[in-house]
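S.K.: The structure that follows is given in the form of structure tokens.
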RNA sequence: GCGGAAGUGGUGGAAUGGCAGACACGCUAGGUUGAGGGCCUAGUGGUAGCAAUACCUUGGGGGUUCAAAUCCCCCCUUCCGCACCA
């Protein structure tokens with residue numbers, strides 16, 4: 001028999017008609033398993049690069065089903081967002097229409113790949129039935145003060161004409177369109193994710209089954225640093241400037257202060273300065289440059305002296321206060337104490353403007369007395385010098401001592417700072433969930449009642465980005481009576497970032513049709529956390545951080561009783577072709593539809609899983625597909641061969657080919673299971689099944705019983721079934737099995753077949769071992785001391801200990817592992 | 001600059017201390033075929049040799065070990081994340 005397209009269609013129909021993958025959340029007779037792939041943004045057809053994600057997910061879901069789990073594997077659409085709008089502008093089509101058209105296309109693609117989704121749970125974030133609850137989520141956050149509006153310098157994309165979250169700015173450029181991002185002072189909506197900084201960081205420790213890489217990326221993004229906030233009095237003014245530093249040990253070397261131009265103290269400090277005009281000019285100049293968020297390599301530090309001095313609280317010395325362009329406004333207090341001897345940035349600045357450089361940490365590599373000729377700052381640890389009572393201390397110890405001292409004297413206070421900023425969620429664009437807030441001339445900012453949801457996204461026909469939301473032009477939408485006082489009021493016209501939609505969707509799958517609540521808490525508590533989440537690493541700090549935050553928030557509200565959404569995370573690598581990520585613009589996309597048409601869905605599935613370790617990037621090679629096709633055909637041909645074999649009872653299986661094949665069957669089961677239970681090593685699992693097929697072929701020529709041969713063939717398709725469901729189902733029924741292959745349980749290796757054949761090994765030893773041998777590890781100690789083993793001794797050790805492993809190289813035993 | 005991952009045949013990759021190159025692609029030869037494709041058989045890291053075989057070989061250099069792709073030290077290269085975060 002051969003693999004044809006008809007096999008795909010036949011089994012897809014049977015699965016659909018029998019509702020094979022439907023899950024009833026209340027039914028928990030078997031242990032649950034929630035297998036989730038990151039839902040797609042329906043921007044165009046899927047290519048094989050996208051396919052890897054879903055194929056891995058489906059292999060996991062199908063494998064777990066066979067292991068006896070009740071597996072939930074849902075699919076939905078992250079359907080709001082900019083690309084839909086951009087297409088709308090370009091092709092004069094409504095974003096909804098464009099999105100739904102893509103959804104339809106992708107749905108049919110996924111079905112043709114044989115995915116085992118419960119399609120009754122499909123969710124679409126741009127439908128009011130869904131975004132109503134996104135708005136509900138916003139209101140919950142608002143009620144707790146975690147959704148708030150403030151004016152702040154925010155990231156602004158000129159081309160998309162909207163604000164962006166920090167996470168959406170990549171190397172100073174818009175993640176979407178690569179336009180350089182500007183800083184603009186705007187009043188915007190934020191979620192207070194920073195309230196959760198510490199917990200988001202701490203709980204990374206719980207995520208043992210997340211890739212190390214993702215945890216590190218989140219850790220860096222949250223960016224916790226411990227230090228001291230130090231008060232510097234301004235000479236001649238009743239004013240203090242707080243500076244955060246992680247190096248209190250270098251305080252004696254602080255020779256000047258530098259402020260960002262936005263620092264609140266600046267205007268007072270320069271008020272009576274003779275240089276006031278020049279300083280204001282400088283600030284104007286910096287302001288003009290500041291908007292560009294990215295600092296390129298040739299960014300030049302510059303600053304201007306304010307004319308005022310601060311007092312170093314430890315030395316009592318007066319140190320000049322500068323305004324400088326290299327001080328970040330958003331981090332710490334926007335003012336820093338500068339220690340040019342031990343900070344390369346301060347060093348550059350001090351050199352340029354001739355400011356004092358005063359070393360206070362001994363550089364072990366620097367000769368004494370050459371401070372004046374310093375060519376760079378020493379940023380390492382070391383012994384303190386020129387630091388009064390603290391001289392001689394090591395910097396780590398000094399940090400503690402100096403911090404203690406400052407706290408008792410009231411000079412400074414220990415502080416923890418995070419790099420993480422609040423999540424900017426408002427967008428000045430059309431295709432998103434409206435923010436459920438009203439502005440009343442009397443009551444101010446008023447939240448809508450939950451009962452008034454959803455705030456429907458009004459129809460529109462113009463989407464051109466103008467810098468303000470297109471909703472603002474819709475008179476019918478804007479006008480509303482204030483929910484509090486009934487007076488005429490106006491709606492908020494910004495929409496929400498699409499990452500809000502996707503920050504909670506995994507909860508909605510549990511009760512997708514519920515119109516009373518966002519999700520049923522009881523059911524959600526039973527089914528979550530997600531057992532296995534699968535997706536691309538590009539979401540390591542966007543979606544995955546936001547989802548963790550929202551989950552923690554909901555847990556705090558006692559709406560759910562778990563505080564991490566994803567138990568295990570798997571990040572698959574990209575598939576590249578011609579040295580680049582697949583993309584339409586590069587013209588290197590491989591269309592799966594064509595492959596399925598030519599070779600069948602299982603050939604594609606098998607090849608994508610076989611292409612390489614799934615967490616690593618893989619290179620697509622069209623020619624190599626042929627190998628997967630060949631293998632499937634070769635495997636199916638085994639079924640035809642069965643007929644020609646002789647019947648034989650199990651008792652007289654004596655041939656060594658027979659024994660070897662039995663051993664291979666069980667070894668393969670053992671190894672494939674290990675590969676799947678570990679880190680989804682599909683590539684090696686498949687190669688092992690290929691070995692089994694090869695050996696089964698070979699054993700025919702030697703002579704083999706029908707029973708054993710049948711076992712081998714049956715095992716091949718059973719082990720293959722998570723990868724090649726259609727072919728396996730077909731083979732299963734051809735082999736006369738009544739049950740569907742997915743109702744059969746995963747095979748178990750019988751240990752008696754796995755044992756290595758130990759008996760002959762002693763014979764292979766030709767009398768003596770290498771003269772100078774030291775036996776490592778597990779050999780009995782006294783034998784090691786004797787330094788050599790004779791044949792009888794080896795035989796004794798082997799017979800007494802039945803070793804796991806006897807290693808012999810070229811006829812000599814070199815180690816015995818017991 | 002900081003943090004991380006990786007470097008193995010013509011190619012994708014196996015092997016996490018035990019005979020490197022499993023499995024697959026490609027290639028070569030032979031068979032089958034009207035031809036092409038498909039399929040079957042054999043071969044396929046390098047050098048020398050008719051051959052058995054010998055020597056060399058996991059980015060480079062050193063070390064530990066009876067034994068290193070694997071562990072340790074130094075260096076080189078590539079990719080990824082963060083980046084004037086004080």
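Laboratory data are not the source of any read-out in this text; all were calculated from the coordinates shown. In this text the structure is predicted, and so the values were computed from the model without any measurement. Ideal geometry is used to build each Cβ from the backbone, glycine not excepted, and the neighbour counts take in all protein chains shown.
S.K.: Note the angle between two axes, namely the Cα long axis of helix A:543-556 and the longest principal axis of the Cα atoms of chain A, as a number of degrees from 0 to 90, rounded to the nearest 10.
M.R.: The answer is roughly 80 degrees.
S.K.: What is the pair-distance distribution P(r) of chain A, computed from all Cα-Cα distances in 10 Å bins starting at 0, with each bin given as a whole percent?
M.R.: Using 10 Å bins, I get a P(r) of 2, 10, 16, 18, 16, 15, 12, 7, 3, 1, 0 for chain A.
S.K.: If contacts are Cα pairs under 8 angstrom and at least 6 residues apart, what is the relative contact order of chain A in percent?
M.R.: It rounds to 15 percent for chain A.
S.K.: Sort A:217, A:582 so the one with the fewest other Cβ atoms within 10 Å of its own Cβ comes first.
M.R.: Starting with the residue having the fewest Cβ neighbours, the order is A:217, A:582.
S.K.: Quick check: the angle from helix A:344-353's long axis to the longest principal axis of chain A, C-alpha only, nearest 10 degrees?
M.R.: Its long axis makes an angle of about 30 degrees.
S.K.: Could you sort the peptides A:379-387, A:420-428 by per-residue average Cβ neighbour count (10 Å cutoff), highest mean leading?
M.R.: So the peptides A:379-387, A:420-428, ranked by packing, come out A:420-428, A:379-387.
S.K.: What order do you get for A:89-100, A:597-608 when each peptide is scored by the mean count of other beta carbon atoms within 10 Å, highest first?
M.R.: Result, highest mean Cβ count within 10 Å first: A:597-608, A:89-100.
S.K.: Sorting A:199, A:688 on the 10 Å Cβ count, fewest up front, what's the list?
M.R.: Ranked by crowding around the Cβ, least crowded first: A:199, A:688.
S.K.: Same structure, new question: Using the alpha-carbon centroid of each, what span in Å lies between the range A:54-107 and the range A:501-515?
M.R.: 14 Å
S.K.: I would also like to ask the following. Using only the alpha-carbon atoms, how far is helix A:82-91 inclined from the longest principal axis of chain A? Give it as 0 to 90 degrees, nearest 10.
M.R.: 90 degrees
S.K.: How big is the antiparallel share of DSSP beta bridges in chain A, given as a percent to the nearest 5?
M.R.: Values: 64 of 83 bridges.
The antiparallel fraction comes to roughly 75 percent.
S.K.: Per the Kirkwood treatment, what hydrodynamic radius in Å, one decimal, follows for the range A:141-242 from the mean inverse distance over all distinct Cα pairs?
M.R.: Here the Kirkwood hydrodynamic radius works out to 17.0 Å.
S.K.: With a Cα-only, solvent-free Debye model of the range A:681-743, what are the log10 I(q)/I(0) values at q = 0.24, 0.26 Å⁻¹?
M.R.: -1.03, -1.12
S.K.: Related question: Could you check how many percent of all C-alpha pairs in the range A:182-274 are farther apart than 23 Å? Numbers along the way, then the final one.
M.R.: Working: 2332 of 4278 pairs.
The share of Cα pairs beyond 23 Å in the range A:182-274 comes to 55 percent.
S.K.: Apply the Kirkwood formula to the range A:315-368: the hydrodynamic radius equals the inverse of the mean of 1/r over all pairs of different alpha-carbon atoms; give it in Å with one decimal.
M.R.: 12.7 Å
S.K.: I've got another one for you. Only helical DSSP H runs with n ≥ 4 go in: add -39500 (n - 2.57) per run for chain A, normalise by residue count and round the 222 nm mean residue ellipticity to 500 deg cm²/dmol.
M.R.: On the way: 27 runs with 300 residues, N = 818.
Only helices count here, giving -11000 deg cm²/dmol.
S.K.: Let me ask you something else. Normalised radius of gyration for the range A:10-102, please: alpha carbon Rg relative to 2.2 N^0.38 Å, two decimal places.
M.R.: Details: Rg = 16.9 Å, N = 93, 2.2 N^0.38 = 12.3 Å.
Taking N as the residue count of the range A:10-102, the ratio is 1.38.
S.K.: Starting from the alpha-carbon convex hull of the range A:75-135, give the projected area averaged over all orientations, in nm².
M.R.: For the range A:75-135, the mean projected area of the Cα convex hull comes to 4.7 nm².
S.K.: When all C-alpha to C-alpha distances in the range A:576-727 are sorted into bins of 5 Å, what percent of pairs does each bin hold, rounded to whole numbers?
M.R.: In order of increasing distance, the bins hold 2, 9, 17, 18, 17, 13, 10, 6, 4, 2, 1, 1, 0 percent.
S.K.: Still on this structure, please answer the following. Give me the three principal axis extents of the range A:492-605 from the C-alpha atoms, as integers in angstrom, largest value leading.
M.R.: Cα extents, longest axis first: 51, 35, 27 Å.
S.K.: Please report the Cα spread of the range A:305-416 along all three principal axes, rounded to whole Å, starting with the longest.
M.R.: Cα extents, longest axis first: 37, 35, 25 Å.
S.K.: Just want the ordering: A:630, A:65, A:215, from fewest to most Cβ atoms lying within 10 Å of their own Cβ.
M.R.: Fewest-to-most ranking of A:630, A:65, A:215: A:630, A:215, A:65.
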